[in-house]
Amino acid sequence: MTRIIMHGCNGRMGQIISEICREDPDTEIVAGVDVTAQKEQSYPVFTDIMKCDIQADVVIDFSTAKAVDAVFNYCVERNLPLILCTTGLSEEQLEKADQASKTVAILKSANMSLGINTLFEILQKAAKVLSPAGFDVEIVEKHHNQKLDAPSGTALALADAVNDAMNQIYEYKFDRSRERRKRDAKEIGISAVRGGTIVGEHEVIFAGKDEVIEIKHTAYSRSVFGKGAVEAAKFIKGKEAGYYDMREVVAAR
């Protein structure tokens, strides 16, 4: 049994993870933390994580950037592994995460979906075959109209996966509208679409002479990210201090 403290328990993802854990016999949320404690949960909820005195195996954080510093302090103080799902962290906060990883295990990923993290491996294999054969690489990502960042962190991670496989030969192109020239062979175009309630869609296009290969992942609900976070919590329980990512979770399955 993996005992979890859910930081951000009353947010949308916190509620999704709570439901997933209720149906998973191998996990239990033993406490929650949220600035708004009025929502009733099946576990005790604290408004300040430093006041949480419940024994646990791991913390899952799906909160806001301004709340993350306290999580680092708590995990280091309690020697608890951390699944860090909150995005938009500052350089200073990323440095704090690095420092905390020297004391506790921290798993951080641009996308918690098991499907997306399996896709990283597929792309690296495809790139090693198709890139030397002259295929151009393009990435198109789509998200809901409330998303603040563009391109998405996942799109950049997908581009990084291709680039890593090819020893960093590519430059990333985010906007071609101001340049009147043909496409460079050593660039990856990354396009962002924002509209409606699209949860998340990422498509990687390998375009060659007379043939096109499209590799696509679509998230139909946010539960895919919650399921990944819960699997990550099971994986990181008992791990030594250091940085981990979702690809290791996929590899361990």
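The values are calculated or read from the model by the stated rules, or taken from the named source; none is laboratory data. Being a predicted model, the structure only gives us computed values, none of them experimental. Glycine also receives a Cβ, built like all others from the backbone with ideal geometry; neighbour counts cover every protein chain displayed. We work out accessible area using only protein heavy atoms, side chains counted, and drop any ligands, DNA or RNA first. Shrake-Rupley method; radii C 1.70, N 1.55, O 1.52, S 1.80 Å.
Residue under question is residue 138, and the condition is that it be among the charged types (D, E, K, R) and in contact with a Gly (Cβ under 6 Å, 6 or more places away or on another chain); does it hold?
yes
Within segment 131-148, is there a residue that is β-branched (Val, Ile, Thr), assigned to a strand (DSSP E or B), more than 21 Å from the chain's Cα centre (by Cα) and surrounded by 15 or more Cβ atoms within 10 Å (Cβ to Cβ)? Outline the logic, then answer.
Our first condition is that a residue be β-branched (Val, Ile, Thr); within segment 131-148, this holds for 137, 139-140.
With the extra rule that they be assigned to a strand (DSSP E or B), the set shrinks to 137, 139-140.
Next, only the ones that are more than 21 Å from the chain's Cα centre (by Cα) stay: 137.
Then drop every residue that is not surrounded by 15 or more Cβ atoms within 10 Å (Cβ to Cβ), which leaves 137.
Checked segment 131-148: at least one residue is β-branched (Val, Ile, Thr), assigned to a strand (DSSP E or B), more than 21 Å from the chain's Cα centre (by Cα) and surrounded by 15 or more Cβ atoms within 10 Å (Cβ to Cβ).
So, of the residues in segment 78-125 that are aliphatic (A, V, I, L, M) and open to solvent by 20 Å² or more (accessible area, probe 1.4 Å), which turns out to be modelled with the lowest pLDDT?
Within segment 78-125, the first condition is being aliphatic (A, V, I, L, M), and the residues that meet it are 80, 82-84, 89, 94, 97, 100, 104-107, 110, 112, 114, 116, 119, 122-123.
From what is left, the residues that are open to solvent by 20 Å² or more (accessible area, probe 1.4 Å) are 89, 94, 110, 114, 122.
Details: 89: 85, 94: 91, 110: 76, 114: 93, 122: 95.
Applying the filter and picking the extreme gives 110.
What is the one condition in (1) over 18 Å from residue 171 (Cα atoms); (2) open to solvent by 20 Å² or more (accessible area, probe 1.4 Å) that residue 153 does not satisfy?
For residue 153, the failing item is (1).
Considering only residues that are part of a loop (DSSP other than H, G, I, E, B) and either open to solvent by less than 60 Å² (accessible area, probe 1.4 Å) or modelled with pLDDT under 90 (or both), which ones fall in segment 156-168?
Here is the first cut: in segment 156-168, the residues part of a loop (DSSP other than H, G, I, E, B) are 166-168.
Listed by number, the list holds a single entry, 166.
Contact list please: Cβ distance under 6 Å, first residue in segment 235-253 and more than 16 Å from residue 99 (Cα to Cα), second residue charged (D, E, K, R) and not in a helix (DSSP H, G or I), pairs at least six apart or on different chains.
237/57
Return yes when residue 59 is at pLDDT 95 or above, crowded, with 22+ Cβ neighbours inside 10 Å and under 21 Å from residue 224 (Cα atoms) and no when it is not. Before you say what the answer is, go through the steps one by one.
Numbers: at pLDDT 95 or above: yes; crowded, with 22+ Cβ neighbours inside 10 Å: yes; under 21 Å from residue 224 (Cα atoms): yes.
Against the criterion (at pLDDT 95 or above, crowded, with 22+ Cβ neighbours inside 10 Å and under 21 Å from residue 224 (Cα atoms)), residue 59 qualifies.
Could you tell me which residue of segment 63-77 is modelled with the lowest pLDDT, considering only residues that are open to solvent by less than 50 Å² (accessible area, probe 1.4 Å) and more than 19 Å from residue 2 (Cα to Cα)? Explain how you work it out, then say what you get.
Narrowing segment 63-77 to residues open to solvent by less than 50 Å² (accessible area, probe 1.4 Å): 63, 65, 67-72, 74-75.
This time we only want the ones that are more than 19 Å from residue 2 (Cα to Cα), so: 63, 65, 67-70, 72.
Values: 63: 89, 65: 85, 67: 89, 68: 91, 69: 93, 70: 94, 72: 96.
So, considering only residues that are open to solvent by less than 50 Å² (accessible area, probe 1.4 Å) and more than 19 Å from residue 2 (Cα to Cα), the one modelled with the lowest pLDDT is 65.
From the list 229, 251, 241, 233, pick out the single residue that is within 30 Å of residue 82 (Cβ to Cβ), at pLDDT below 95 and out of contact with any His (no Cβ under 7 Å at 6 or more places or on another chain).
Working: 229 fails: at pLDDT below 95; 241 fails: at pLDDT below 95; 233 fails: at pLDDT below 95.
Checking each option against the conditions leaves just 251.
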